[in-house]
Amino acid sequence: MSVRHAGAVLWLVAATVIPAPASGEGLRELAVAWAQGDYRAPIVCVLDGQAREALRRVRIHPGRPGELPSTFRLTFHDLDAPAGISCSGVTGASEPNLVGELELAFDGRSRPDTGEVDFRNALRREGGFRFRVKSGHLRLGAPGAPLAELEDVDFAGGTAEVRSVPPGSDAARHLALFGAERQRALKLSAVGGPSLAFDLVELPAH
């Protein structure tokens, strides 16, 4: 074997063991992207003795321009329900009206070189991710009540947990009726305040 040929072989062997370049996205970016979506939370509302299915809009979306990429937003839209109505979720628990926006942040360890592995391990181990509520207030109260009468709750310092819906669960079966694959369970907790849970589905685009 010539010196030139041997050098070529050595170069080829060395080239095969050079690690692939990192994606540049750490656990933080991957977790935030996984949680984001324009979701609907199915609820059943009763008015004048008649039960009607409805959808609460819940958005988990990027922050405003100029904000850090580690922060993003959780927005609840007004149910716009008539007076005298009562609502419940998939599990039968009472559902309030909830209006406002929270700023969320991911505080966990995040390295670009191990991002995908960290993400897969965390998702397999925990089923989702917990985010810190940096700031934000929500108006909370009975569906159908005037917005000005809803309680103003400060969620700063609380948590928002976004997790996968367990396959085969009642929630998974109910959400599957909407024909979407992306299902999420959201648990929102305020410091010294209420703890709320929502089953979310992202509807297919038409």
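The values are calculated or read from the model by the stated rules, or taken from the named source; none is laboratory data. All values derive from a computational prediction rather than experimental measurement. All Cβ positions, even for glycine, are placed from backbone atoms using ideal geometry, and neighbour counts span all protein chains on display.
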Next on the checklist: I want to confirm something. Restricting to the range 88-107 and keeping residues that are surrounded by 15 or more Cβ atoms within 10 Å (Cβ to Cβ) and small (Gly, Ala, Ser), which single residue is farthest from LEU55 (Cα to Cα)?
Outcome noted: ALA105
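Yes or no, residue by residue, for (1) aromatic (Phe, Trp, Tyr); (2) part of a helix (DSSP H, G or I):
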{"site": "GLU103", "(1), (2)": "no, no"}
{"site": "ASP113", "(1), (2)": "no, yes"}
{"site": "VAL117", "(1), (2)": "no, yes"}
{"site": "ALA122", "(1), (2)": "no, yes"}
{"site": "PHE129", "(1), (2)": "yes, no"}
{"site": "VAL133", "(1), (2)": "no, no"}
{"site": "HIS137", "(1), (2)": "no, no"}
{"site": "LEU140", "(1), (2)": "no, no"}
Item to check | Residues of the range 53-87 classified as more than 21 Å from the chain's Cα centre (by Cα) and either surrounded by 13 or more Cβ atoms within 10 Å (Cβ to Cβ) or polar (S, T, N, Q) (or both), total | outcome: 4
Checklist entry - Any residue at all in the range 168-190 that is under 20 Å from LEU30 (Cα atoms), over 12 Å from the mean Cα position of the chain (by Cα), part of a loop (DSSP other than H, G, I, E, B) and at pLDDT below 95? => result yes
Checklist entry - Could you count how many residues in the range 191-206 are surrounded by fewer than 17 Cβ atoms within 10 Å (Cβ to Cβ) and in a loop (DSSP other than H, G, I, E, B)? => result 8
Checklist entry - If you scan the range 53-66, which residues turn out to be in a strand (DSSP E or B) and touching a Phe, Trp or Tyr at 6+ places or on another chain (Cβ under 8 Å)? => result ARG56, ARG57, VAL58, ARG59, ILE60, HIS61, PRO62
Checklist entry - Between residues in the range 26-47 that are farther than 20 Å from PHE76 by Cα and residues that are of a type in the set (A, V, I, L, M, F, W, C) and surrounded by fewer than 20 Cβ atoms within 10 Å (Cβ to Cβ), which pairs lie under 6 Å by C-beta distance while being six or more apart or on different chains? => result LEU47/ILE85
Item to check | Criterion violated by PHE129 - all others in (1) touching a helix residue (DSSP H, G or I) at 6+ places or on another chain (Cβ under 6 Å); (2) closer than 21 Å to LEU79 by Cα; (3) modelled with pLDDT of 95 or more satisfied | outcome: (2)
Checklist entry - For the range 143-162, how many residues meet the condition of being part of a loop (DSSP other than H, G, I, E, B) and buried (at least 19 other Cβ atoms within 10 Å of the Cβ)? => result 4
Next on the checklist: Looking only at the range 149-193, how many residues end up being touching a strand residue (DSSP E or B) at 6+ places or on another chain (Cβ under 7 Å) and closer than 23 Å to ARG130 by Cβ?
Outcome noted: 26
Checklist entry - Considering the range 67-101 alone, what residues qualify as being in contact with a Ser or Thr (Cβ under 7 Å, 6 or more places away or on another chain) and either hydrophobic (A, V, I, L, M, F, W, C) or in a loop (DSSP other than H, G, I, E, B) (or both)? => result GLU95
